[in-house]
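Structure, as structure tokens:
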Amino acid sequence: HVQSFQFASVYNPAFTGVERVSDLRLSYRHQWTGYGSMAPRFFNASYQTRLSEPPDLEHNGLRVSNPSALRQSEMPFGKKLITGFGGHIFQSSVGVLQSLGIGITGSAQYPVSENVRVSVGLGLIVHDQRMDLTDVYLGRD
């Protein structure tokens, strides 16, 4: 992929759920069309979302005269944890090679400071790759 950053959670599951929004991404590429049916084709679809995130105590907490007194650092460990989940499917066709795959990703992120998080991820991919040699001509009859 030329723009692999678009599918960061596929390459590194720790990126799953990093953004605050649910995200659906689709990609299709058909290149070198002059090669006809042997021209490379690629399709990718990816979805990711956050499953949990810490509550925003400053804007959604108790009504106190000094909101900065509500410290995220005093929140229990489990309430600070951010979790994400995602899935993806991909298909490619390059000449005689065909591949199809599906995968899921998950992550857990823990804020170390206000601007820094430690993230770990886990991904599982099932990938089927085949080679079809029925139309290959080797120069002999």
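The values are calculated or read from the model by the stated rules, or taken from the named source; none is laboratory data. Owing to the predicted nature of the structure, the values given are computational and were not obtained by experimental measurement. Note that each Cβ is placed from the backbone with ideal geometry, even for glycine, and that neighbours are counted across all protein chains shown. Accessible surface is based on the protein model in full, side chains and every heavy atom, while ligands, DNA and RNA are left aside. Shrake-Rupley method; radii C 1.70, N 1.55, O 1.52, S 1.80 Å.
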**Complete:** Flagged pairs (Cβ under 6 angstrom, 6 or more apart or on separate chains; first in the stretch 123-141, farther than 25 Å from His88 by Cα; second part of a strand (DSSP E or B) and open to solvent by 90 Å² or more (accessible area, probe 1.4 Å)) are none
**Prompt:** Within the stretch 21-44, can one find any residue that is surrounded by 15 or more Cβ atoms within 10 Å (Cβ to Cβ), modelled with pLDDT of 80 or more and assigned to a helix (DSSP H, G or I)?
**Reply:** no
**Prompt:** Just one of the numbered conditions (1) of a type outside the set (S, T, N, Q); (2) in contact (Cβ under 8 Å) with a residue 40 or more places away in the chain; (3) farther than 18 Å from Thr16 by Cβ is not true of Pro111; which one?
**Reply:** (3)
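Taking Ser73, is it at pLDDT below 95, surrounded by fewer than 15 Cβ atoms within 10 Å (Cβ to Cβ) and out of contact with any Ser or Thr (no Cβ under 7 Å at 6 or more places or on another chain)?
Taking the combined requirement at face value, the residue satisfies it.
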**Fill in**
The lone condition Lys80 fails out of (1) modelled with pLDDT under 90; (2) in contact with a strand residue (DSSP E or B) (Cβ under 8 Å, 6 or more places away or on another chain); (3) over 30 Å from Leu133 (Cβ atoms); (4) open to solvent by 50 Å² or more (accessible area, probe 1.4 Å) is (4)
**Complete:** Picked from the stretch 100-124 (must be surrounded by fewer than 17 Cβ atoms within 10 Å (Cβ to Cβ) and at pLDDT 95 or above), the residue farthest from Glu53 (Cα to Cα) is Leu100
**Message:** So the check is Cβ under 6 Å with 6+ separation or different chains; which pairs have a first residue in the stretch 25-43 that's under 27 Å from Gly86 (Cα atoms) and a second one that's surrounded by fewer than 12 Cβ atoms within 10 Å (Cβ to Cβ)?
**Reply:** Pro40/Gln31; Arg41/His30; Phe43/Tyr28
